[in-house]
Amino acid sequence: MNSLNPIKIGTLGFQHVLAMYAGAVIVPLIVGPAIGLNAQQLAYLISIDLFTCGIATLLQVIGGKHFGIKLPVILGCTFTAVGPMIAIGNLQGITSIYGAIIASGVVVMILSQFMSKIMRFFPPVVTGSVVTIIGVSLIPVAMNNAAGGQGAEGFGSLQNLFLAALTFILIIAMNRFFKGYMKAISVLLALVAGTLVAFFMGFVSFAEVGKADWFHLVQPFYFGIPTFNFSAILTMTLVAIVSMIESTGVFLAIGDVCEKKLESRDIKKGLRAEGLACVIGGVFNSFPYTSFSQNVGLVALTKVKTRNVVVAAGVILMVLGLLPKVAALTTIIPTAVLGGAMITMFGMVISSGIRMLSKVDFTNNENLLIIACSVGIGLGSAVVPAIYGGLPSGIRLLAENGIVLGSLTAIVLNVVFNFNDIKSAKTEEVMQSGEHSIEIM
């Protein structure tokens, strides 16, 4: 495979970009409007996201003495961070998001050295509960967007519901009848098709595309100097730990595909690279990054295991990030079309949480209690945050974040009920427990 010529390497690299493109751009498309960014700011957010996806990928694939798994892995923004980032942005401002991302990246680099010990505190009963809470808390966002966007003119109109339903049905149909690569990019194809139909309905404007420049330079701290708030940092750190566990599973999977036996130091270097990628994401005001499992599937499907292909994908992503018109073209997707896609994607987050929970012993009533209490408290705090209105402001910001409160509940109750299991956990068993990943990231 190393004999591939540059044209084939570039083509295969572009295929990797297409496989992860929808997962990469959907995060800024959701987060940007939710925290009040205008069209120009949103276009920049998409551009810088693509650019830093490329940097993060090259960091992981090429690596160095202390960083990088050095396997064909693509990095993109983690989907589990969507809800927390929206909550932080609305409560504490956009600069707090980036302060939390930078701090959580530093924490990841530190924790990577001790991951085998830390992961025993995050068995499937904890990670499954956390991911389920995140997915369920995002469904209202999807439904509001499917109706046209909260507060938008024509909210809940038949036209918006039609576009959302069409996009939703197309994703389902393509996953039913397509296979392989076409199935892998079903979300991207559905978004394109939904936007085309919306164009003929008069719902698409190319004004922002026309205004956008052909080329621009990336700018660190574009949205402001990061601010560091404890509750925001705690939120993103919990998300980062879940991502570390998922990434460990991705590393083991790609190692198996590439027929390379990974050792503990390889996992540490891979996780360290992800931590550094998060810091870079915070500096460039983009997102936290994690390994994308769908690209591992593409490697397995194509049997092309050379790192050169993914290096090409990283370079392509960086070039796309320097072309504002590409990002602006993405912003023309109507909110209702996005909403239709969000329903399936957020639903898949819930499914991933349930899949993690399927590894739990449900005959153990204590495990049921951990799930019940953490999901109940997490969802309740997200739906009715006013319940904490009488608390001091610092504590209230922490308590109103259902993801943090639910996650902490799951961690504490797991220690209370399963302390002996945690104490006796073996490193090898813990490393194997990382074989869960969110497939739609």
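Here are the numbers:
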{"quantity": "Enumerated helices (runs of 4 or more DSSP H) restricted to the stretch 282-376, each holding at least 1 residues that are crowded, with 21+ Cβ neighbours inside 10 Å and touching a Cys at 6+ places or on another chain (Cβ under 8 Å)", "calculated": "293-302, 307-321"}
{"quantity": "Counted residues, the stretch 41-65 - those being farther than 22 Å from residue 141 by Cα and surrounded by fewer than 20 Cβ atoms within 10 Å (Cβ to Cβ)", "calculated": "4"}
{"quantity": "Scan of the stretch 227-242 for residues that are assigned to a loop (DSSP other than H, G, I, E, B) and crowded, with 20+ Cβ neighbours inside 10 Å, ordered by number", "calculated": "229"}
{"quantity": "Count of residues meeting criterion [closer than 22 Å to residue 348 by Cα and surrounded by fewer than 21 Cβ atoms within 10 Å (Cβ to Cβ)] in the stretch 66-101", "calculated": "1"}
{"quantity": "Extreme residue, farthest from residue 275 (Cα to Cα), among residues of the stretch 243-258 that are assigned to a helix (DSSP H, G or I) and hydrophobic (A, V, I, L, M, F, W, C)", "calculated": "257"}
{"quantity": "Boolean, residue 8 is at pLDDT below 85, of a type in the set (D, E, K, R) and surrounded by fewer than 20 Cβ atoms within 10 Å (Cβ to Cβ)", "calculated": "yes"}
{"quantity": "Which listed residue, of 325, 423, is over 15 Å from residue 125 (Cβ atoms) and at pLDDT 75 or above", "calculated": "325"}
{"quantity": "Options 139, 110: the member that is at pLDDT below 85, in a helix (DSSP H, G or I) and surrounded by fewer than 19 Cβ atoms within 10 Å (Cβ to Cβ)", "calculated": "139"}
{"quantity": "Scope the stretch 188-220; condition of a type outside the set (A, V, I, L, M), in a loop (DSSP other than H, G, I, E, B), over 27 Å from the mean Cα position of the chain (by Cα) and over 13 Å from residue 323 (Cα atoms); matching residues", "calculated": "202, 203, 205, 206"}
{"quantity": "Qualifying residue in the stretch 217-237 (condition: in contact (Cβ under 8 Å) with a residue 60 or more places away in the chain and touching an Asp or Glu at 6+ places or on another chain (Cβ under 8 Å))", "calculated": "no"}
{"quantity": "Qualifying residue in the stretch 146-165 (condition: touching a residue at least 40 places away in the same chain (Cβ under 8 Å), crowded, with 21+ Cβ neighbours inside 10 Å, outside any helix (DSSP H, G or I) and out of contact with any His (no Cβ under 9 Å at 6 or more places or on another chain))", "calculated": "yes"}
{"quantity": "Residues (under 23 Å from the mean Cα position of the chain (by Cα), hydroxyl-bearing (Ser, Thr, Tyr) and at pLDDT below 90) located in the stretch 354-385", "calculated": "358, 381"}
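The values are calculated or read from the model by the stated rules, or taken from the named source; none is laboratory data. Quantities reported herein were computed from a predicted structural model and do not represent experimental measurements. As a convention, Cβ positions derive from the backbone with ideal geometry for all residues, glycine included, and neighbour counts pool all protein chains shown.
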